[in-house]
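Taking it in order: structure first as structure tokens, then the write-up.
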Amino acid sequence: MTDQPFPVDTFAQQAGAAVLVSGASFAGLATAFWMNRLGYRVTVVEVAGGLRRGGTPVDIEGEAIGALARMGMLMPSARRRFPLADLSSRKPMTARSG
């Protein structure tokens, strides 16, 4: 892993260029997040008619913890009581509200 969120070639960046992301899945939304952070104008399209209320259960562990931290979403996720895996014991950590 690098200290940068991901490597970016400076010649590839065009400030304010438009980007279309197809799909509002985890991958689509993460892509939109980082493209926006790089200065692109991002539009996300999704075929579904609305948000899924039930959600998809996922384990937040390993690389996902680092990605959430780099996005500034680790503690907000913990505050919403999404269980974060404790990698040393492989047991779920309980989030502390604060």
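When you look at Val58, is it among the β-branched types (Val, Ile, Thr), under 29 Å from Val19 (Cα atoms), at pLDDT below 90 and assigned to a loop (DSSP other than H, G, I, E, B), yes or no? Yes, satisfied.
Against the criterion of being out of contact with any Leu (no Cβ under 7 Å at 6 or more places or on another chain), surrounded by 10 or more Cβ atoms within 10 Å (Cβ to Cβ) and either under 22 Å from Ala78 (Cβ atoms) or at pLDDT below 75 (or both), Ala30 qualifies.
The values are calculated or read from the model by the stated rules, or taken from the named source; none is laboratory data. This is a predicted model, so every value here is computed, not measured. We place every Cβ from the backbone using ideal geometry, glycine too, and count neighbours over all the protein chains shown.
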